[in-house]
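Comments concern the structure below.
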Amino acid sequence: MSAADLAQSIGRELPYLRRYARALTGSQTAGDNYAAATLEAILSDRDLMETDDTRIGLFRTFHAIWQSSGQPVASESQSSREAIAQAHLRGLTANSREALLLRTIEELRYDQIARIMQIDQSEAEELVQIALNEMGRAIRGRVMIIEDETIIAMDLKGIVQAMGHEVTGVARTHSAAIELAADNRPALILADIQLADGSSGIDAVNELMGSLGDVPVIFITAFPERLLTGDRPEPAFLISKPYSEEQVRSAVSQAMFFASTEGLGAV
(Lines give C-alpha, C1' and ligand atoms only; values in the text may rest on other atoms or scores of the structure.)
Protein backbone atom coordinates (compact mmCIF):
# COMPACT_ATOMS: atom_id res chain seq x y z
CA MET A 1 0.00 0.00 0.00
CA SER A 2 1.39 3.40 -0.97
CA ALA A 3 1.92 6.12 1.63
CA ALA A 4 -1.00 8.09 0.19
CA ASP A 5 -3.33 5.08 0.25
CA LEU A 6 -2.28 4.26 3.82
CA ALA A 7 -2.91 7.83 4.97
CA GLN A 8 -6.35 7.78 3.37
CA SER A 9 -7.18 4.42 4.91
CA ILE A 10 -6.04 5.53 8.38
CA GLY A 11 -8.03 8.74 7.98
CA ARG A 12 -11.22 6.74 7.54
CA GLU A 13 -10.57 4.77 10.73
CA LEU A 14 -9.24 7.61 12.89
CA PRO A 15 -12.63 8.89 14.17
CA TYR A 16 -13.36 5.43 15.54
CA LEU A 17 -9.94 5.10 17.16
CA ARG A 18 -10.56 8.47 18.84
CA ARG A 19 -13.98 7.28 20.01
CA TYR A 20 -12.42 4.14 21.49
CA ALA A 21 -9.64 6.15 23.15
CA ARG A 22 -12.14 8.55 24.73
CA ALA A 23 -14.24 5.71 26.10
CA LEU A 24 -11.14 3.96 27.42
CA THR A 25 -9.65 7.00 29.17
CA GLY A 26 -12.86 8.85 30.01
CA SER A 27 -11.31 12.02 28.59
CA GLN A 28 -11.22 13.53 25.12
CA THR A 29 -7.87 15.18 25.82
CA ALA A 30 -6.23 12.01 27.11
CA GLY A 31 -7.80 9.91 24.39
CA ASP A 32 -6.61 12.21 21.64
CA ASN A 33 -3.11 12.22 23.12
CA TYR A 34 -3.01 8.43 22.84
CA ALA A 35 -4.38 8.58 19.29
CA ALA A 36 -1.72 11.14 18.34
CA ALA A 37 1.00 8.94 19.84
CA THR A 38 -0.33 6.06 17.75
CA LEU A 39 -0.04 8.07 14.54
CA GLU A 40 3.47 9.21 15.46
CA ALA A 41 4.52 5.59 16.02
CA ILE A 42 3.16 4.58 12.61
CA LEU A 43 4.96 7.48 10.92
CA SER A 44 8.19 6.31 12.52
CA ASP A 45 7.67 2.65 11.62
CA ARG A 46 5.48 1.76 8.65
CA ASP A 47 5.94 -1.93 9.48
CA LEU A 48 3.39 -1.48 12.28
CA MET A 49 0.73 -1.35 9.56
CA GLU A 50 1.88 -4.48 7.73
CA THR A 51 -1.55 -6.10 7.85
CA ASP A 52 -4.44 -6.74 5.50
CA ASP A 53 -6.77 -4.74 7.76
CA THR A 54 -6.02 -1.08 8.47
CA ARG A 55 -8.31 -0.98 11.51
CA ILE A 56 -6.53 -3.96 13.07
CA GLY A 57 -3.12 -2.38 12.52
CA LEU A 58 -4.20 0.99 13.87
CA PHE A 59 -5.88 -0.38 16.98
CA ARG A 60 -3.08 -2.89 17.59
CA THR A 61 -0.52 -0.08 17.55
CA PHE A 62 -2.69 1.97 19.90
CA HIS A 63 -3.05 -0.98 22.28
CA ALA A 64 0.71 -1.57 22.37
CA ILE A 65 1.28 2.08 23.33
CA TRP A 66 -1.56 1.94 25.86
CA GLN A 67 -0.04 -1.11 27.53
CA SER A 68 3.54 0.17 27.52
CA SER A 69 2.54 3.55 28.98
CA GLY A 70 1.14 2.02 32.14
CA GLN A 71 -2.27 3.49 31.20
CA PRO A 72 -3.74 6.67 32.72
CA VAL A 73 -2.37 7.93 36.01
CA ALA A 74 -3.90 10.51 38.31
CA SER A 75 -2.95 14.09 37.50
CA GLU A 76 -2.61 16.98 39.92
CA SER A 77 -5.72 18.58 38.43
CA GLN A 78 -7.80 15.41 38.73
CA SER A 79 -11.00 15.90 40.70
CA SER A 80 -11.96 13.69 43.62
CA ARG A 81 -14.71 12.07 41.54
CA GLU A 82 -12.25 11.34 38.73
CA ALA A 83 -9.90 9.77 41.26
CA ILE A 84 -12.73 7.58 42.53
CA ALA A 85 -13.52 6.49 38.98
CA GLN A 86 -9.89 5.55 38.36
CA ALA A 87 -9.86 3.62 41.63
CA HIS A 88 -12.85 1.61 40.40
CA LEU A 89 -11.03 0.87 37.16
CA ARG A 90 -7.90 -0.36 38.92
CA GLY A 91 -10.09 -2.94 40.62
CA LEU A 92 -11.20 -4.50 37.33
CA THR A 93 -9.51 -7.50 35.76
CA ALA A 94 -6.62 -6.40 33.55
CA ASN A 95 -7.48 -5.89 29.85
CA SER A 96 -11.18 -6.59 30.40
CA ARG A 97 -12.41 -3.04 29.63
CA GLU A 98 -10.31 -2.88 26.49
CA ALA A 99 -11.81 -6.11 25.21
CA LEU A 100 -15.32 -5.01 26.17
CA LEU A 101 -15.05 -1.67 24.37
CA LEU A 102 -13.61 -3.25 21.24
CA ARG A 103 -16.48 -5.72 21.20
CA THR A 104 -19.41 -3.49 22.08
CA ILE A 105 -18.56 0.08 21.09
CA GLU A 106 -16.39 -0.72 18.06
CA GLU A 107 -18.34 -3.91 17.20
CA LEU A 108 -15.26 -5.97 16.38
CA ARG A 109 -15.34 -9.75 16.18
CA TYR A 110 -13.59 -11.79 18.86
CA ASP A 111 -10.91 -12.91 16.39
CA GLN A 112 -10.21 -9.25 15.56
CA ILE A 113 -10.00 -8.35 19.24
CA ALA A 114 -7.55 -11.19 19.75
CA ARG A 115 -5.31 -9.85 16.95
CA ILE A 116 -5.41 -6.32 18.35
CA MET A 117 -4.65 -7.37 21.92
CA GLN A 118 -2.35 -10.20 20.77
CA ILE A 119 -4.13 -12.84 22.82
CA ASP A 120 -6.06 -16.02 22.04
CA GLN A 121 -9.64 -15.65 20.84
CA SER A 122 -10.91 -17.66 23.79
CA GLU A 123 -9.21 -15.21 26.16
CA ALA A 124 -10.80 -12.28 24.33
CA GLU A 125 -14.24 -13.85 24.80
CA GLU A 126 -13.55 -14.49 28.47
CA LEU A 127 -12.33 -10.93 29.09
CA VAL A 128 -15.49 -9.44 27.59
CA GLN A 129 -17.69 -11.55 29.85
CA ILE A 130 -15.59 -10.72 32.90
CA ALA A 131 -15.89 -6.99 32.19
CA LEU A 132 -19.65 -7.20 31.74
CA ASN A 133 -20.00 -9.01 35.03
CA GLU A 134 -17.62 -6.79 37.01
CA MET A 135 -18.84 -3.46 35.70
CA GLY A 136 -22.50 -4.41 35.69
CA ARG A 137 -22.59 -4.86 39.44
CA ALA A 138 -20.30 -1.97 40.33
CA ILE A 139 -22.56 1.09 40.31
CA ARG A 140 -26.30 1.80 40.39
CA GLY A 141 -27.98 5.08 39.52
CA ARG A 142 -30.90 7.01 38.03
CA VAL A 143 -31.08 7.09 34.24
CA MET A 144 -33.05 9.50 32.05
CA ILE A 145 -33.98 8.57 28.47
CA ILE A 146 -34.47 11.14 25.68
CA GLU A 147 -35.98 9.23 22.76
CA ASP A 148 -38.99 9.96 20.55
CA GLU A 149 -39.54 6.42 19.19
CA THR A 150 -41.77 4.61 21.70
CA ILE A 151 -40.57 1.09 20.94
CA ILE A 152 -36.91 2.05 21.22
CA ALA A 153 -37.55 4.04 24.39
CA MET A 154 -39.27 1.08 26.02
CA ASP A 155 -36.49 -1.26 24.94
CA LEU A 156 -33.83 1.01 26.42
CA LYS A 157 -35.86 1.34 29.60
CA GLY A 158 -36.07 -2.43 29.92
CA ILE A 159 -32.33 -2.90 29.41
CA VAL A 160 -31.44 -0.22 31.95
CA GLN A 161 -33.88 -1.52 34.55
CA ALA A 162 -32.64 -5.08 34.08
CA MET A 163 -29.18 -3.81 34.99
CA GLY A 164 -30.55 -2.61 38.31
CA HIS A 165 -30.78 1.11 37.50
CA GLU A 166 -33.81 3.33 38.07
CA VAL A 167 -35.30 5.05 35.01
CA THR A 168 -36.50 8.54 35.95
CA GLY A 169 -38.63 8.81 32.81
CA VAL A 170 -38.70 9.10 29.02
CA ALA A 171 -38.75 12.47 27.23
CA ARG A 172 -39.75 12.75 23.55
CA THR A 173 -38.97 16.45 23.03
CA HIS A 174 -36.47 19.12 24.07
CA SER A 175 -38.91 20.82 26.46
CA ALA A 176 -40.01 17.51 28.00
CA ALA A 177 -36.38 16.63 28.67
CA ILE A 178 -35.74 19.89 30.50
CA GLU A 179 -38.88 19.42 32.61
CA LEU A 180 -38.12 15.79 33.42
CA ALA A 181 -34.56 16.55 34.54
CA ALA A 182 -35.79 19.36 36.76
CA ASP A 183 -38.24 17.03 38.50
CA ASN A 184 -35.80 14.16 39.04
CA ARG A 185 -32.06 14.70 38.58
CA PRO A 186 -30.50 11.79 36.66
CA ALA A 187 -27.06 10.27 37.17
CA LEU A 188 -26.88 9.37 33.47
CA ILE A 189 -28.68 10.40 30.27
CA LEU A 190 -29.36 8.26 27.20
CA ALA A 191 -30.20 10.57 24.29
CA ASP A 192 -31.19 10.41 20.65
CA ILE A 193 -30.09 13.43 18.58
CA GLN A 194 -33.27 13.86 16.53
CA LEU A 195 -36.50 14.27 18.52
CA ALA A 196 -40.23 14.11 17.84
CA ASP A 197 -40.93 17.82 17.44
CA GLY A 198 -37.97 18.35 15.13
CA SER A 199 -35.84 19.59 18.00
CA SER A 200 -32.29 18.43 18.65
CA GLY A 201 -31.30 16.04 21.40
CA ILE A 202 -27.86 17.65 21.27
CA ASP A 203 -29.38 21.05 22.06
CA ALA A 204 -31.44 19.52 24.87
CA VAL A 205 -28.33 17.93 26.37
CA ASN A 206 -26.36 21.16 26.07
CA GLU A 207 -29.08 23.01 27.97
CA LEU A 208 -29.29 20.27 30.60
CA MET A 209 -25.55 20.44 31.21
CA GLY A 210 -26.00 24.05 32.24
CA SER A 211 -28.12 23.00 35.21
CA LEU A 212 -26.97 19.43 35.85
CA GLY A 213 -23.23 19.89 35.49
CA ASP A 214 -21.12 16.84 34.77
CA VAL A 215 -23.82 14.18 34.30
CA PRO A 216 -22.56 11.69 31.67
CA VAL A 217 -24.42 11.28 28.38
CA ILE A 218 -24.65 8.37 25.96
CA PHE A 219 -25.89 9.31 22.49
CA ILE A 220 -27.79 6.59 20.64
CA THR A 221 -28.39 7.66 17.06
CA ALA A 222 -28.82 6.60 13.46
CA PHE A 223 -26.59 9.55 12.50
CA PRO A 224 -23.23 9.04 14.29
CA GLU A 225 -21.38 10.98 11.60
CA ARG A 226 -23.00 14.18 12.92
CA LEU A 227 -20.99 13.85 16.11
CA LEU A 228 -17.75 12.25 14.85
CA THR A 229 -16.48 15.35 13.07
CA GLY A 230 -13.37 16.25 15.07
CA ASP A 231 -14.46 19.89 14.90
CA ARG A 232 -15.64 20.16 18.50
CA PRO A 233 -15.81 18.13 21.73
CA GLU A 234 -17.32 14.72 21.07
CA PRO A 235 -19.17 12.32 23.37
CA ALA A 236 -17.16 9.40 24.72
CA PHE A 237 -20.13 7.09 24.24
CA LEU A 238 -21.84 7.12 20.88
CA ILE A 239 -23.89 4.08 19.87
CA SER A 240 -25.23 3.64 16.37
CA LYS A 241 -28.77 2.46 15.64
CA PRO A 242 -29.63 -0.32 15.31
CA TYR A 243 -27.92 -1.13 18.61
CA SER A 244 -27.54 -4.35 20.58
CA GLU A 245 -28.38 -4.92 24.24
CA GLU A 246 -24.71 -5.70 24.83
CA GLN A 247 -23.71 -2.29 23.49
CA VAL A 248 -26.14 -0.46 25.75
CA ARG A 249 -25.15 -2.46 28.82
CA SER A 250 -21.49 -1.79 28.15
CA ALA A 251 -21.89 1.94 27.55
CA VAL A 252 -24.09 2.44 30.62
CA SER A 253 -21.62 0.64 32.86
CA GLN A 254 -18.66 2.51 31.39
CA ALA A 255 -20.31 5.91 31.68
CA MET A 256 -21.15 5.38 35.33
CA PHE A 257 -17.44 4.99 36.00
CA PHE A 258 -16.61 8.30 34.36
CA ALA A 259 -19.44 10.43 35.68
CA SER A 260 -17.23 13.52 35.99
CA THR A 261 -14.66 13.35 33.21
CA GLU A 262 -14.66 15.54 30.12
CA GLY A 263 -16.10 14.24 26.89
CA LEU A 264 -19.09 12.49 28.43
CA GLY A 265 -21.37 15.47 28.47
CA ALA A 266 -22.62 17.91 25.92
CA VAL A 267 -21.08 18.52 22.53
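The values are calculated or read from the model by the stated rules, or taken from the named source; none is laboratory data. Note that the structure is a prediction, hence the values are computed from the model and not measured. Here the Cβ is made from the backbone with ideal geometry for all residues, glycine too, and neighbour counts use every protein chain on show. Side chains are part of the model used for accessible areas, which takes the heavy atoms of the whole protein and leaves out ligands, DNA and RNA. Shrake-Rupley method; radii C 1.70, N 1.55, O 1.52, S 1.80 Å.
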Of all DSSP beta bridges in the range 141-262, antiparallel share, percent nearest 5: 5 percent
FRET E, pair Ser200, Arg109, Förster distance 45 Å, beta-carbon r, rounded to 0.05: 0.85
Charge dipole magnitude, Cβ of K and R +1, D and E -1 - the range 1-70, Cα centre, debye nearest 20: 360 debye
Added length on full extension, which subtracts the Cα-Cα distance from 0.36 nm per residue, Asp5 to Arg185: 59.9 nm
Solvent exposure, largest accessible area first (probe 1.4 Å, DNA, RNA and ligands not counted), of Asp32, Asp52, Asp120: Asp52, Asp120, Asp32
Using alpha carbons only: equivalent-ellipsoid semi-axes of the range 141-262, gyration tensor based, whole Å: 17, 17, 16
Neighbour net charge for Asp197 - beta-carbon separation under 12 angstrom, K R +1, D E -1: -1
Where a label projected 7 Å from the Cα of Thr93 along Cα→Cβ would reach, residues of the range 138-161 with amide N under 15 Å: 138
Chain lengthening between Glu125 and Ser68 when straightened (0.36 nm per residue, less Cα-Cα): 18.2 nm
The range 1-70, accessible area per residue, ligands and nucleic acids excluded (1.4 Å, Å²): 46 Å²
